[in-house]
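Colleague: Dumping the structure here so I can ask a few things about it.
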Amino acid sequence: TRKESSAASDVYKDRFIAAQLLELFGTDLWHRNAQHANTQARRLGDRLAELDGVRLSRPAQVNAVFPEVPQHVLEALRRRYICHVWDTAPSGDPVIRLMCSFHTTDEQIDELVLEAHTASTARLAHHR
């Protein structure tokens, strides 16, 4: 019957979820995932801080980065990424919140930094 089929499906789903939780919490997978996200956030923060007009509002201590960026850099990033304005720096520049996860790649960081760099240098070239 439909009710028995649903109950059997629920048992299967419970086992499937339990297997995932055992792998995550029964090993050091959760720690490796968190460590990777935190490392990538530091890498992202370091790379962004090298750009003209960008500075970190606070050190990247976990998987979040809070760079202060000029408005034109924010606009360029928003064309391709979701960027949440977290705060406004004393300079008046927006402070954005960027998050890294267990699957953030070096290539993704490089792409975002290149996008910010391109916007920053295009603005400098335009004003010369």
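Listed here are the residues, each with its yes/no results for (1) among the basic types (Lys, Arg); (2) closer than 18 Å to residue 120 by Cα; (3) in contact with a Cys (Cβ under 6 Å, 6 or more places away or on another chain).
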site	(1), (2), (3)
31	no, no, no
52	no, yes, no
67	no, yes, no
78	yes, yes, no
84	no, no, no
91	no, yes, no
102	no, no, no
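Colleague: Got at least one residue in segment 98-119 being touching a Phe, Trp or Tyr at 6+ places or on another chain (Cβ under 7 Å), free of Cβ contacts under 8 Å to residues at least 24 places away in the same chain, more than 30 Å from residue 20 (Cα to Cα) and of a type in the set (A, V, I, L, M)? Break it down into steps so the answer makes sense when it comes.
Modeller: Quick first cut of segment 98-119, residues touching a Phe, Trp or Tyr at 6+ places or on another chain (Cβ under 7 Å) only: 112.
Those still in the list that are free of Cβ contacts under 8 Å to residues at least 24 places away in the same chain too: none.
No, the conditions are met nowhere in segment 98-119.
Colleague: For the subset of segment 81-94 comprising residues that are in contact with a helix residue (DSSP H, G or I) (Cβ under 9 Å, 6 or more places away or on another chain) and outside any loop (DSSP other than H, G, I, E, B), which member is most open to solvent (accessible area, probe 1.4 Å)?
Modeller: 85
Colleague: Also, I was wondering about something else. Mind checking which residues of segment 60-118 are over 17 Å from residue 38 (Cβ atoms) and of a type in the set (Ser, Thr, Tyr)?
Modeller: If the condition is that a residue be over 17 Å from residue 38 (Cβ atoms) and of a type in the set (Ser, Thr, Tyr), then 81, 88, 91, 118 are the ones that fit.
Colleague: Return the residue satisfying two criteria in turn: it lies in segment 25-40 and is open to solvent by 50 Å² or more (accessible area, probe 1.4 Å) and in a helix (DSSP H, G or I), and of such residues it is nearest to residue 104 (Cα to Cα).
Modeller: Here the answer is 36.
Colleague: Would you mind finding the one in 56, 77 that is touching a residue at least 40 places away in the same chain (Cβ under 8 Å) and of a type in the set (A, V, I, L, M)?
Modeller: Working: 56 fails: touching a residue at least 40 places away in the same chain (Cβ under 8 Å).
When all the criteria are applied, what remains is 77.
Colleague: Continuing with the same structure: Residues 43, 97: which one is modelled with pLDDT of 95 or more, within 20 Å of residue 120 (Cβ to Cβ), open to solvent by less than 80 Å² (accessible area, probe 1.4 Å) and under 15 Å from the mean Cα position of the chain (by Cα)?
Modeller: Working: 97 fails: open to solvent by less than 80 Å² (accessible area, probe 1.4 Å).
Going through 43, 97 in turn, just one is modelled with pLDDT of 95 or more, within 20 Å of residue 120 (Cβ to Cβ), open to solvent by less than 80 Å² (accessible area, probe 1.4 Å) and under 15 Å from the mean Cα position of the chain (by Cα): 43.
Colleague: I would also like to ask the following. Across segment 46-80, which residue is nearest to residue 97 (Cα to Cα) among those that are assigned to a loop (DSSP other than H, G, I, E, B), open to solvent by less than 40 Å² (accessible area, probe 1.4 Å) and among the hydrophobic types (A, V, I, L, M, F, W, C)?
Modeller: 66
The values are calculated or read from the model by the stated rules, or taken from the named source; none is laboratory data. Everything quoted here is computed from the prediction, not taken from an experiment. Here Cβ is always computed from backbone atoms with ideal geometry, including for glycine, and neighbour counts include all displayed protein chains. Keep in mind that these areas ignore ligands, DNA and RNA; they rest on the heavy atoms of the full protein, side chains included. Shrake-Rupley method; radii C 1.70, N 1.55, O 1.52, S 1.80 Å.
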